[in-house]
Amino acid sequence: MTNDEKSHRASRPLPLEGRTIVVLGGSSGIGFAVAELARDEGANVVLTARDPGRLRAAAERIGAVGSAAFDVSAHGELVAFFDQIGAVDHVFVAAGGPYYAPLADIDLDAATQSVAGAVGTMLDLARIVPPKLGRGGSLTFMSGTGPRRPAPGASVIAAMAAATTAAAANLALEIAPARINLIAAGFVDTELSARLLGDALQDRRQELRSTLPIGRVVEPGDVAALAVHLMVNTAITGAVFDIDGGQKLLP
């Protein structure tokens, strides 16, 4: 950030000034980017993640006002966490991860758990969080663009995305005036992407740079900017926003 940019930021109102933002799954990748930007926009940030060591390091880096290490799929721990922190303004959920496998290699138990876990966490949070939200408060979940671009090996992640999309639309009516939205991401250049692709990562980056309309890969900061907008813009609920660099436009 240049000195001019810092000066401009210092002179304008911060859209999340004094707001409490909880990021579930905030120790790295998209979750950390959202937490970092929310802090820069004036928020008091609370981080959670499963790994205590990574969580502690992330919380120190951004100056989080609180942190807790637990698995968001554990109902009792989720309830205890929100009971402890009290009132919040926005919750961003980056916990969990995609399940990719060709049909012949799918572990049915793992696949079922992946889809049910994503929907179950959404339903659980939709019951726990809204009573604690202030006016204009929101829940924002990560999803994927799987249903829009069918591909071998993507059946489970596509089912998960379709299920959470349908759930969010219905929940927007049930939890109103609290808001709920989804961010459907294509490839985002994160540590998780690196682990999933391994040696194929560089080829995938180059392919996207040469084919996407934006001429580059999508970064965690791009998703973070959208997430903060969904927190601030209180007219948006029950919506799904694609962020894929224009990949859906390609043949």
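Points to keep in mind about this one:
- Conditions (1) of a type in the set (Phe, Trp, Tyr); (2) under 16 Å from the mean Cα position of the chain (by Cα); (3) part of a helix (DSSP H, G or I): number failed by PHE141: (3)
- Evaluation of LEU171 against the conditions (1) open to solvent by 20 Å² or more (accessible area, probe 1.4 Å); (2) assigned to a helix (DSSP H, G or I) shows that the sole unmet condition is (1).
- Count - residues of region 20-75 that are polar (S, T, N, Q) and in contact with a helix residue (DSSP H, G or I) (Cβ under 6 Å, 6 or more places away or on another chain): 4
- All of (1) closer than 23 Å to ALA38 by Cβ; (2) at pLDDT 95 or above; (3) not acidic (Asp, Glu) hold for GLY76 with one exception: (1).
- Residue list for region 101-153, filter: of a type in the set (Lys, Arg) and farther than 14 Å from ALA172 by Cα: LYS132, ARG135, ARG148, ARG149
- Remark: ARG127 matches the filter, which requires a residue to be outside any strand (DSSP E or B), of a type in the set (D, E, K, R) and open to solvent by 60 Å² or more (accessible area, probe 1.4 Å).
- Condition check for ALA172: more than 30 Å from ALA101 (Cα to Cα), among the hydrophobic types (A, V, I, L, M, F, W, C) and touching a residue at least 60 places away in the same chain (Cβ under 8 Å): yes
- Filter pass, VAL218 being modelled with pLDDT of 95 or more, open to solvent by less than 20 Å² (accessible area, probe 1.4 Å) and under 20 Å from GLY96 (Cα atoms): yes
- Beta carbons closer than 6 Å, at least 6 apart along the sequence or on distinct chains, pair a first residue in region 88-102 that is closer than 17 Å to VAL223 by Cα with a second that is at pLDDT 90 or above and part of a loop (DSSP other than H, G, I, E, B) for VAL91/VAL129; ALA94/GLY25; ALA95/GLY25; ALA95/VAL72.
- Scanning region 92-116 for residues that are open to solvent by less than 30 Å² (accessible area, probe 1.4 Å) and either part of a helix (DSSP H, G or I) or at pLDDT 90 or above (or both) returns PHE92, VAL93, ALA94, ALA111, SER114.
- In region 174-203, the residues that are in a helix (DSSP H, G or I) and open to solvent by 60 Å² or more (accessible area, probe 1.4 Å): GLU174, GLU191, LEU192, ARG195, LEU196, LEU197, ASP199, GLN202, ASP203
- Of the listed requirements (1) open to solvent by 30 Å² or more (accessible area, probe 1.4 Å); (2) modelled with pLDDT of 95 or more; (3) in a helix (DSSP H, G or I), LEU230 misses just one: (1).
- Considering only residues in region 137-168 that are of a type outside the set (D, E, K, R) and touching a residue at least 60 places away in the same chain (Cβ under 8 Å), the one that is surrounded by the fewest Cβ atoms within 10 Å (Cβ to Cβ) turns out to be THR165.
The values are calculated or read from the model by the stated rules, or taken from the named source; none is laboratory data. Fair warning: this is a prediction, and the values are worked out from it, not measured in the lab. Note that we place each Cβ from the backbone using ideal geometry, even for glycine, and neighbour counts take in every protein chain shown. Note: areas computed on protein heavy atoms with side chains; ligands, DNA, RNA excluded. Shrake-Rupley method; radii C 1.70, N 1.55, O 1.52, S 1.80 Å.
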